[in-house]
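Notes follow the structure.
The values are calculated or read from the model by the stated rules, or taken from the named source; none is laboratory data. These numbers were taken from a predicted model, which means no experiment stands behind them. Positions of Cβ are generated from backbone atoms using ideal geometry, with glycine treated the same way; all protein chains shown enter the neighbour counts. These area figures cover heavy atoms from the full protein model, side chains too; ligands, DNA and RNA do not enter into them. Shrake-Rupley method; radii C 1.70, N 1.55, O 1.52, S 1.80 Å.
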Amino acid sequence: MSTPGPIQADTAVVAAFVTDEPLDHGQAVSAVQDERTGAVVSFSGVIRDHDGGRSVTSLDYTCHPGADRAVKDVARAVAGEFPGTRIWAAHRIGHLEVGDSALEAAVGAAHRKLAFAACDALVDRIKAEVPIWKEQSFADGSTEWVGLDA
C-alpha cells in the first residue's frame, strides 16, 4: 500500500487590486486560508510618523491608470514562481493618515517557508513594479515625493 503524497493548496490569486477604500488585514488573511493551509504569512504596510529623521503627518498615494493591472500581473507572476500558494494583495491610494494601512498582502500555503518566501517576493515586487507614488507631508509644512524617477 502506498502512502499518498503531501496535499498542497491550489495555486491561486484570490485577489489583487488598487483601491481608495481602507484595507482590512483580517480580510486578506481569511481570504487565503482553506483546509489545506498550514501557514499564512501576511504583511501590513502601515503609515509611520517619521521618515529620514523628519516627522511625517500624512501621505498621499497617486497611481498610474495601469496600476491595478500591474498588481494583478505581479500577483500572478509570484503565484507562478511559488506553486501551492494562495495570494491576496491590495494597495491603497489617496490620502492616508499615520496608522493607516497602505499595503496589505497575505499568502497561504501548506508550509511556512513557502508562505514566507512568497509573501516576501510579493511585497518586494509590488513596491518595485507597480506604478504608485507617494507624497509625504511633514510636520514643518513641507512635502516630498517618493518613488518618482527623475
Those residues that are assigned to a helix (DSSP H, G or I) and touching a Lys or Arg at 6+ places or on another chain (Cβ under 7 Å), I need them from the range 11-32; list them, please.
VAL32
Considering only the range 108-131, I want to know if a residue exists there that is in a strand (DSSP E or B) and open to solvent by less than 30 Å² (accessible area, probe 1.4 Å).
yes
In the set VAL130, VAL71, VAL56, VAL98, the lone residue that is more than 20 Å from LEU148 (Cβ to Cβ) and in contact (Cβ under 8 Å) with a residue 40 or more places away in the chain is VAL98
Whether any residue in the range 33-40 is over 18 Å from THR85 (Cβ atoms) and in a strand (DSSP E or B) is what I want to check.
no
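Conditions (1) over 17 Å from ALA115 (Cβ atoms); (2) of a type in the set (Gly, Ala, Ser); (3) not in a helix (DSSP H, G or I), marked per residue:
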| residue | (1), (2), (3) |
| --- | --- |
| PHE43 | no, no, yes |
| SER55 | yes, yes, yes |
| ARG69 | yes, no, no |
| LYS72 | yes, no, no |
Residue match in the range 133-145 (condition: touching a strand residue (DSSP E or B) at 6+ places or on another chain (Cβ under 6 Å), within 23 Å of ASP24 (Cα to Cα) and open to solvent by less than 40 Å² (accessible area, probe 1.4 Å)):
yes
